[in-house]
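As structure tokens, the structure follows; a few thoughts come after it.
Each value in this text was obtained by applying a stated rule to the coordinates, not by laboratory testing. Keep in mind it's a predicted model, so treat the numbers as computed, not measured. Cβ coordinates were reconstructed from backbone atoms using ideal geometry, including for glycine residues, and neighbour counts include every protein chain displayed.
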Amino acid sequence: MHCTTHRTASHRTPTYRVAADAGGKLWTNNNGTWIEQTYLGPNQPFSATAVSADGSVIVAGTAPGPLFISVDGGSTWTRDSSAGSQEWTGISLADDGTVGVATTHNGNAYTFAPAGTRAPSSAPTPAPTVPVGPGQGSLSPITPLGVGNWSASAVSASGAQMLVAPASGELQVSTNQGSSFTAATGTGGAQLWVGVAQSSNGSLVCALTTDGQVFVSTNGGASFTNTTAGVPAGVTGWTALGAAADDFSVLVAGATDGKLYRSTDGVRTYVLWFVCACMQRAWMCRR
């Protein structure tokens, strides 16, 4: 995690990564080689990213603007404007990249299915040599949730289980790939949610609030327990969350004081991991 305004995303396999910043640049990392994707258009205000487990499907959201989708590891890109210009706040993908959830500010939460034939990303991908194509729309509003200010999402490896967090409200859980959602229990009702993470099999869920609370579920989000007691003294708010292991044995959270904290005991306690010289850094931690 760098002390910059970059938004970073990495999936459970740490070989494949995506990094983007609000200044308009996006990079892909395959086996340690960072490549700038120069054909997504100048000065794109990137706000959210996600990548499939094998690195072939990459999704980048802008604020405001469309979603950019690559199904070949960044060699070519399409622009999905089927939802119009949105302020994308979060993107999550199933392991194979065929199902995803994207959230917006003052809009809908969406499910989407990146289309096309995907090629394995086994070698560094060169920057594309042609402009971004128009693509085909694949975004479907999650009708049961309606319009809202959505802040984050999480998807299990299979895509069957989904979580959508509002900036203010009740955490929403689906066990049928977004067909229906129910409000989570044990979270104290409406909260100011800022980040959610889910294990590969969907059973473990962690959710953070802007005022420093931590909620953990061991049953796929059906019920939660407040584990804020394990948070170090002085942490008054969170800005981001990312799980680096399927069993949550390693979990990283960004705090509003510019520090990163790491939990290695199943989200029972946190220890200081990294200190950023710039205060109130808007971290984005992605698995």
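Brief remarks follow.
- In percent, rounded to a whole number, the relative contact order of the stretch 26-96 is 28, using alpha-carbon pairs under 8 Å and six or more apart.
- Net length gained if the chain between Thr38 and Asp211 were fully extended (0.36 nm per residue, minus Cα distance): 58.5 nm
- Nitroxide proxy distance, nm - points 7 Å out along Cα→Cβ at Thr236 and Ala222: 3.9
- Packing-based ranking of 158-170, 180-192 yields 158-170, 180-192, ordered from highest to lowest mean Cβ neighbour count within 10 Å.
- Shape category assigned to the stretch 56-105 from the gyration tensor of Cα positions, a/c cut at 1.5: oblate
- Segment Asn106-Asn201, length gained on full extension (0.36 nm per residue, minus Cα span): 31.2 nm
- Cα gyration tensor category, rounded, prolate or oblate, for the stretch 23-97 with a/c compared to 1.5: oblate
- Whole-angstrom gap from the stretch 44-96 to the stretch 192-218, using each part's C-alpha centre: 23
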